[in-house]
Amino acid sequence: MKFHKIPLLLFLTAAAFYWSFAYDLDRADFPKMLMLYASLFFLSFKIIQLLKTRFWLLAGAALIFRLIFLIALPDLSQDFYRFIWDGRLLANGINPYLSTPDLLMKSAHFGSISQAQELVNGMGALSASNYTNYPPINQFIFAVAGKLSQNSILFSVIIFRIFILLAEIGILFFGRILLKKLDLPQHYIFWFTLNPFVIIECFGNLHFESVMGFFILLSFYFLWKQKWIISAFILGLSISVKLLPLMFLPLFLKFFSRKKNDSENSENRDVSTQFSEKITDLKSIKWSKLFGFHAIVLLTVVLSFLPFYNSAFLSNFSESVGLWFQKFEFNASIYYIVRWIGFQIKGYNIIADAGTILPIVTFIIILALSLFRKNNSLKSLITGCIFALAFYFLLSTTVHPWYIVTPLLLSVFTKYRFPIVWSFMAIFSYSAYGNAEFQENLWLVALEYIIVISFAITEVFFPKKLSFSLLS
């Protein structure tokens, strides 16, 4: 304590702010939320800066900050009610993919679900009227809570948090190892683990992006160890938590290559030379390994869904996933510009058309990243994944704040810091809760993306203009 008076003061202040966030915050009070969040971000930055050589002190702080939320019901998200609902269906032998909560409340199965009406009211009309879109590993976690906690919402929440905590401990452990292997400072991992964004969104609000992130990181760890079969299996598990890592599969095109040159060595060559090199790179790919890797990933995903499969499953699940592209709108960037243009030309909301076209554009961009980036070292592959996610989110119709967890985690293993900036700016999307109509403040949405995109462009094209390192 004698040598750590300032860090201790910062820690106690941060703990008090986290307590206020967990137990004394109304999500409609956006000014208070913003002040707490900005203060926590600053305090975390200073704590990491002052204690970056004291790994276990930082790890202890990260654990204590999380435990503050342990018995608090999430305030910024109501998704956990749907998690509990799905888990209790499975605990009672009911396939959660086959019926919406609204329909099930009218059926004979209604009586077997404890606290059914409270759960349906809590999840809201939108969730209750749609099929579940949570993949099997998530459903397994929900089912454990459903078995162990049939009558207590709070105990179910605690069980979810135990799974998330275990995943984040795994991220800390394997992240530290991977940073050492990539010759990066070990304290970089705390820009994920001690980031208020992660503590609040994952452990606090019960979003399972950190569980998915653990499997992604573990997959990359085994990839570094050249155990690609295990790596593929674990990447398949990550997809079975959230479908998001599916977009990484094309990026492995150049990883299984006989050539392992640094992708930055070709930056000073002319365009025609670089293009011919890209074509030559395709000839050096170990296609049997590449196809084997993809086959194991996809087989793992298919097998995880198999226990839930019947004739109605595919229709219901695809319908639910499709809503995110063609019905829902929140915290978007480029899409909002496209939507505005659509109103000027067509006179109505063109989300149905844009929601079909923008994913195709995203897929083309990811293919381009796969073909024209080398992605043949682990660090360059991770960088490619970050940019694939960034383009996907920039072209999406719906970008909830917790989506940024994945690029944030991956960024600590690269030279890019814009996901850290994004993890702070994402709080502006919560301004929508500040009014009864749940109306977004598009000026704040614009501010969020102008700052994030500007920082990203500067990092990519003018890195020397950034005279500081956000992680140093």
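The values are calculated or read from the model by the stated rules, or taken from the named source; none is laboratory data. Nothing here was measured: the structure is a model prediction, and the numbers come from that model. All Cβ positions, glycine included, derive from the backbone under ideal geometry; neighbour counts span all protein chains shown. Surface areas here come from the heavy atoms of the whole protein model, side chains and all, with no ligands, DNA or RNA. Shrake-Rupley method; radii C 1.70, N 1.55, O 1.52, S 1.80 Å.
The set of residues from region 167-208 being among the acidic types (Asp, Glu) and either in contact with a Gly (Cβ under 8 Å, 6 or more places away or on another chain) or open to solvent by less than 10 Å² (accessible area, probe 1.4 Å) (or both) comprises Glu168, Glu201. Looking at region 421-431, is at least one residue modelled with pLDDT of 95 or more, open to solvent by 30 Å² or more (accessible area, probe 1.4 Å) and more than 14 Å from the chain's Cα centre (by Cα)? Yes, region 421-431 has at least one match.
Here the condition is being surrounded by 21 or more Cβ atoms within 10 Å (Cβ to Cβ), in contact with a helix residue (DSSP H, G or I) (Cβ under 7 Å, 6 or more places away or on another chain) and assigned to a helix (DSSP H, G or I); of Gly146, Gly122, it holds for Gly146 alone.
Checking Arg66, Arg27 one by one, the residue that is part of a loop (DSSP other than H, G, I, E, B), within 21 Å of Arg161 (Cα to Cα) and in contact with an Asp or Glu (Cβ under 8 Å, 6 or more places away or on another chain) is Arg27 and no other. Open to solvent by 10 Å² or more (accessible area, probe 1.4 Å) and out of contact with any helix residue (DSSP H, G or I) (no Cβ under 8 Å at 6 or more places or on another chain): is that true of Asp79 in this structure? The answer is no for Asp79. In this structure, Leu36 does not satisfy being in contact with an Asp or Glu (Cβ under 7 Å, 6 or more places away or on another chain), surrounded by 14 or more Cβ atoms within 10 Å (Cβ to Cβ) and of a type outside the set (Gly, Ala, Ser). In this structure, does Val399 turn out to be among the β-branched types (Val, Ile, Thr), over 18 Å from Leu253 (Cβ atoms), crowded, with 22+ Cβ neighbours inside 10 Å and out of contact with any Ser or Thr (no Cβ under 6 Å at 6 or more places or on another chain)? When the stated conditions are applied, Val399 passes them.
Once region 216-264 is narrowed to residues that are closer than 23 Å to Phe372 by Cβ and charged (D, E, K, R), the residue that is modelled with the highest pLDDT is Lys254. Residues that are in a helix (DSSP H, G or I), in contact with a helix residue (DSSP H, G or I) (Cβ under 8 Å, 6 or more places away or on another chain), farther than 18 Å from Ser156 by Cα and at pLDDT 90 or above are absent from region 83-92.
For region 313-344, the tally of residues that are at pLDDT 90 or above, among the aliphatic types (A, V, I, L, M) and open to solvent by 30 Å² or more (accessible area, probe 1.4 Å) stands at 4. Among the residues making up region 454-472, those that are out of contact with any Lys or Arg (no Cβ under 8 Å at 6 or more places or on another chain) and either of a type in the set (Ser, Thr, Tyr) or modelled with pLDDT under 70 (or both) are Ser454, Ser467, Phe468, Ser472. Report yes if Leu50 is within 27 Å of Lys180 (Cα to Cα), assigned to a helix (DSSP H, G or I), at pLDDT 95 or above and open to solvent by 20 Å² or more (accessible area, probe 1.4 Å), otherwise no. Spelling it out, it is not the case that Leu50 is within 27 Å of Lys180 (Cα to Cα), assigned to a helix (DSSP H, G or I), at pLDDT 95 or above and open to solvent by 20 Å² or more (accessible area, probe 1.4 Å). What number of residues within region 1-24 satisfy the criterion of being assigned to a loop (DSSP other than H, G, I, E, B) and either basic (Lys, Arg) or in contact with a strand residue (DSSP E or B) (Cβ under 8 Å, 6 or more places away or on another chain) (or both)? Here the count works out to 1.
Quick check: anything in region 94-110 within 22 Å of the chain's Cα centre (by Cα) and in contact (Cβ under 8 Å) with a residue 24 or more places away in the chain? So far as region 94-110 goes, no, none of its residues is within 22 Å of the chain's Cα centre (by Cα) and in contact (Cβ under 8 Å) with a residue 24 or more places away in the chain. Within region 149-160, the set of residues being of a type in the set (Gly, Ala, Ser) and not in a loop (DSSP other than H, G, I, E, B) comprises Ser156 only.
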